[in-house]
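Quick notes on the structure that follows.
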Amino acid sequence: MDLYRKVKRTFNLLASRSKVRFLLLTGLQMILGLLDLLAIVIVGVFSLVGSAYLGVSELPNSLRDFLRITTNDTGSLGRALVYLVSIAVALIITKSILALLVLKKIFLFLANQNVEISKQLGRRFMNASYEIISKRSSQEATYAVGRGLHISEILGSATVVISEITLLSLMLGMILILEPLLGVNILLYFSIVYFMSQRKLDKWLSKNSLIFSQSNVKGDQIFQEGVTLYKELYVANRLNEIVERFSSMRAKVANATANIQLINYIPKFTFESALVIGACLVGIQSILLDSTQSALTSLIVFFAVGSRVMPSLLRLQSATNAIQSFSGASEISFELIEALDQDMKDPKTSNSTLVKIDRKFDGTIRMIDVDYDYGAESKFSIKGASIAVSKGSSLAIVGRTGCGKSTIINLLLGILKPTSGEISLSGMEPSLAIQNWSGAIGYVPQDVAFLNGSVRENVAIGYSTQEIDDEQIWNCLEMVHLGLLFSSSELGLDALIGERGIKLSGGQRQRLGIARALYSNPQLLVLDEATSALDAETEEAISKTIQNLSSKITLIVVAHRISTVQNVDQVIYLDEGQVRAKGAFAEVRAAVPDFENQASLMGL
Ligand SMILES: Nc1ncnc2c1ncn2[C@@H]1O[C@H](COP(=O)(O)OP(=O)(O)OP(=O)(O)O)[C@@H](O)[C@H]1O
Ligand SMILES: [Mg+2]
């Protein structure tokens, strides 16, 4: 039942049309199994007719009627033999060709399904709430939407299970009709062997497959973190620690792999032993009950049946093993799918669909009585925040570290969805506004991230190579005073900045982040501590450039350095998630003693 549940949840990922196609292909494979069985029957009949032809035994009457052989002369028996051989040969050839064609279809179909579901999952993940995205490490998410999905392996094995079960039932049904007593014995015997060995193996396999996938992801994560935190770990002399932790994860992967390999071998040995032991039992039973003659016949039948049943059982078992182990390996993906399903049901995060609006983005911002909390993980919350920014004006959000400035920015941009209250950009819900007016908003987060690529790719992030306008990139670089740095380099925009921008200074990284936000000529620019790493002079120069822009566009800045915000139209002072004061710089200064202190300290 556990197996059924695992196949079903994978099957449920397919689109309705694909489900039908999958069932059709499985049906076809079953029919092929039947052709195979028919060929075996014909060979059986052939041997009976053959022995009659050679005069060893009489042809049973029923068979003679069936084959419409009236006399027992060698002529008509010979003709029947030729006839049977031709059918058997034709059947085997047709079956083999069809089997190849069907297999090709199934493999291709399942491979496409894997791609399709991976794509769907990737899209759903990228469109999920930020909570879902931020809860997972990048390695875990990457694994879950890609390598961790084993749709084709699980469903491919399911088709094998279905067709083998059909084949086995038919075979056993036939034996039951022909040799009831022996049939029941064989059925019981192989069923016991199968279920006894399978139950243990199933559990063992699921466990090891889960360990395999989890340790794989964890190992990747540990090593990548080691690379990211190289400097800190080097100074703390903890680099070896990382290698140790990484290798212990690799050891777990290796151990689980070895176990899985071993488990896959067990059925072969179990069934081989079972066949020999079973044959001995049949022999002994027949000798005790009957004569040596019948013991020999029973043995022959047992071996004949066993040699057909056993490979089928082996295929069945290796297919169920594959389902178990690939389901275990897909657990991380299914966990993500479940979380995404939950996320969709959450009224807080369910996205409304975009109805395209054909007017210009005007840069107005409204936030009305917004509450937000991070859930059980944090006591912090935003309470009753209201903000209004008119077209072309500027707003600064200030306050102590941890007071919720970045949270407010994330809410304004639709990265986080409010628990209650309303937020709109240019009259639309933020995530819809971003879709409707793509490029209208430029954003520099507090921690700018980089692609491991060229300056060009890092400024025009997310644009395809053909779309990128080099001239615009140079303009943006000039605005942030990086033009000279890259124009003096031989490589120009092709210069590589290294993973995480490692070849740039902290301030250069920040400025490249601003250039990126400016690239699309935004109507709303949001800067979260975007100039904190710059020297006063450069900061002043860049602030001027941005302020020149801000007569045309709406600007939101978050800054600790108060000097950078004294010229904005409106200042909001946040305190533990609440708006303590808002108004012009001087008004807020008068209203909040803390702010006044800081301003005086800076000599303002
Ligand atoms: N993803 C998160 N999950 C849980 N709590 C969070 C999360 N992000 C931020 N917080 C909490 O919310 C509070 C506000 O964080 P926020 O980043 O908005 O502060 P901030 O004002 O931008 O601070 P800073 O000036 O240091 O950048 C902090 O107490 C922080 O611990
Ligand atoms: Mg912040």
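I'm trying to understand the selection: among the residues of the stretch 485-512, which are in a helix (DSSP H, G or I) and over 12 Å from residue 451 (Cβ atoms)?
Going residue by residue through the stretch 485-512, those that are in a helix (DSSP H, G or I) are 485-487, 492-494, 499-501, 506-512.
Of everything in the stretch 485-512, those that are in a helix (DSSP H, G or I) and over 12 Å from residue 451 (Cβ atoms) turn out to be 485, 486, 487, 492, 493, 494, 506, 507, 508, 509, 510, 511.
Any residue in the stretch 486-505 that is β-branched (Val, Ile, Thr), at pLDDT 90 or above and crowded, with 19+ Cβ neighbours inside 10 Å?
As a first pass, look at the stretch 486-505 and keep what is β-branched (Val, Ile, Thr): 497, 502.
The next check asks that each one be at pLDDT 90 or above; those that pass are none.
Scanning the stretch 486-505 turns up no residue that is β-branched (Val, Ile, Thr), at pLDDT 90 or above and crowded, with 19+ Cβ neighbours inside 10 Å.
Could you check the stretch 388-421 and list, in sequence order, the residues that are within 16 Å of ligand 2 (Cβ to nearest atom) and more than 25 Å from residue 127 (Cα to Cα)? Show your work before the answer.
So the first thing to find is which residues in the stretch 388-421 are within 16 Å of ligand 2 (Cβ to nearest atom), and the list is 395-413, 415-416.
Result: 395, 396, 397, 398, 399, 400, 401, 402, 403.
What number of residues within the stretch 546-570 are among the hydroxyl-bearing types (Ser, Thr, Tyr) and at pLDDT 85 or above? Steps first, please.
The first filter runs over the stretch 546-570 and keeps only residues among the hydroxyl-bearing types (Ser, Thr, Tyr), leaving 550-551, 554, 563-564.
Narrowing the set further to residues that are at pLDDT 85 or above leaves 554.
Residues in the stretch 546-570 being among the hydroxyl-bearing types (Ser, Thr, Tyr) and at pLDDT 85 or above: 1 in total.
Just a yes or no: is a residue in the stretch 161-172 of a type in the set (Ser, Thr, Tyr) and farther than 20 Å from residue 38 by Cβ?
No, the stretch 161-172 contains no residue that is of a type in the set (Ser, Thr, Tyr) and farther than 20 Å from residue 38 by Cβ.
If you check every pair at least six apart or on different chains, which have Cβ atoms under 6 Å apart with a residue in the stretch 402-417 that is in the same structural domain as residue 430 (by TED's automatic domain parsing) first and a residue that is in a helix (DSSP H, G or I) second?
From residues that are in the same structural domain as residue 430 (by TED's automatic domain parsing), the pairs are 413/430; 414/430; 414/431; 415/130; 416/130; 416/410.
In this structure, does residue 447 turn out to be away from ligand 1 (no atom under 16 Å from the Cβ) and either in a strand (DSSP E or B) or closer than 25 Å to residue 516 by Cβ (or both)?
On the way: away from ligand 1 (no atom under 16 Å from the Cβ): no; either in a strand (DSSP E or B) or closer than 25 Å to residue 516 by Cβ (or both): yes.
Against the criterion (away from ligand 1 (no atom under 16 Å from the Cβ) and either in a strand (DSSP E or B) or closer than 25 Å to residue 516 by Cβ (or both)), residue 447 does not qualify.
Take residue 97 and decide whether it is surrounded by fewer than 20 Cβ atoms within 10 Å (Cβ to Cβ) and within 30 Å of residue 222 (Cβ to Cβ).
On the way: surrounded by fewer than 20 Cβ atoms within 10 Å (Cβ to Cβ): yes; within 30 Å of residue 222 (Cβ to Cβ): no.
Criteria not met by residue 97.
Residues being on the phi < 0 side of the Ramachandran plot, touching a residue at least 40 places away in the same chain (Cβ under 8 Å) and of a type outside the set (A, V, I, L, M): count how many of those fall in the stretch 476-523. Give the steps one after another, and end with the answer.
We begin by selecting, within the stretch 476-523, every residue on the phi < 0 side of the Ramachandran plot; these are 476-480, 482-491, 493-497, 499, 502-520, 522-523.
Among the residues that remain, those that are also touching a residue at least 40 places away in the same chain (Cβ under 8 Å) are: 476, 479-480, 494-497, 499, 509-510, 512-520, 522-523.
Keeping just the survivors that are of a type outside the set (A, V, I, L, M) gives 476, 494, 499, 509-510, 513, 516, 519-520, 522-523.
The qualifying residues number 11.
Give all pairs with beta carbons closer than 6 Å in which a residue from the stretch 387-398 that is assigned by TED's automatic domain parsing to the domain that holds residue 422 meets a residue that is basic (Lys, Arg) and not in a strand (DSSP E or B); count only pairs at least 6 apart in sequence or on separate chains.
From the stretch 387-398, the pairs are 397/405.
Counting residues that are over 18 Å from residue 341 (Cα atoms), which helices (runs of 4 or more DSSP H) fully inside the stretch 120-186 reach at least 3? Full working, then the answer.
Numbers: elements: 130-135, 138-145, 151-178.
Helices (runs of 4 or more DSSP H) meeting the threshold: 138-145, 151-178.
Suppose the filter is farther than 21 Å from residue 524 by Cβ and either surrounded by 12 or more Cβ atoms within 10 Å (Cβ to Cβ) or assigned by TED's automatic domain parsing to the domain that holds residue 411 (or both); does residue 475 pass it?
Criteria not met by residue 475.
Being closer than 30 Å to residue 153 by Cα, buried (at least 19 other Cβ atoms within 10 Å of the Cβ) and at pLDDT 90 or above: is that true of residue 247 here? It would help to see each step written out before you state the result.
Values: closer than 30 Å to residue 153 by Cα: yes; buried (at least 19 other Cβ atoms within 10 Å of the Cβ): no; at pLDDT 90 or above: yes.
Spelling it out, it is not the case that residue 247 is closer than 30 Å to residue 153 by Cα, buried (at least 19 other Cβ atoms within 10 Å of the Cβ) and at pLDDT 90 or above.
From the set of residues in the stretch 507-530 that are within 16 Å of ligand 1 (Cβ to nearest atom) and farther than 22 Å from residue 469 by Cβ, which is surrounded by the fewest Cβ atoms within 10 Å (Cβ to Cβ)? So that I can check it myself, show each step before the final result.
Here is the first cut: in the stretch 507-530, the residues within 16 Å of ligand 1 (Cβ to nearest atom) are 510, 513, 526-530.
Going one step further and asking which of them are farther than 22 Å from residue 469 by Cβ, we end up with 510, 526-530.
Working: 510: 26, 526: 23, 527: 26, 528: 23, 529: 21, 530: 28.
Of everything passing the filter in the stretch 507-530, 529 is surrounded by the fewest Cβ atoms within 10 Å (Cβ to Cβ).
Please verify whether the stretch 450-458 includes one or more residues that are of a type outside the set (A, V, I, L, M, F, W, C), in contact (Cβ under 8 Å) with a residue 24 or more places away in the chain and closer than 30 Å to residue 358 by Cβ. Explain how you work it out, then say what you get.
To start, the set of residues in the stretch 450-458 that are of a type outside the set (A, V, I, L, M, F, W, C) comprises 452-454, 456-458.
Add one more test, that the residue is in contact (Cβ under 8 Å) with a residue 24 or more places away in the chain, and what stays is 452-454, 456, 458.
If we keep only those that are closer than 30 Å to residue 358 by Cβ as well, we get none.
No: zero hits.
The values are calculated or read from the model by the stated rules, or taken from the named source; none is laboratory data. Nothing here was measured: the structure is a model prediction, and the numbers come from that model. Quick reminder, even Gly has a Cβ in these numbers, built from the backbone with ideal geometry, and neighbours come from all protein chains shown.
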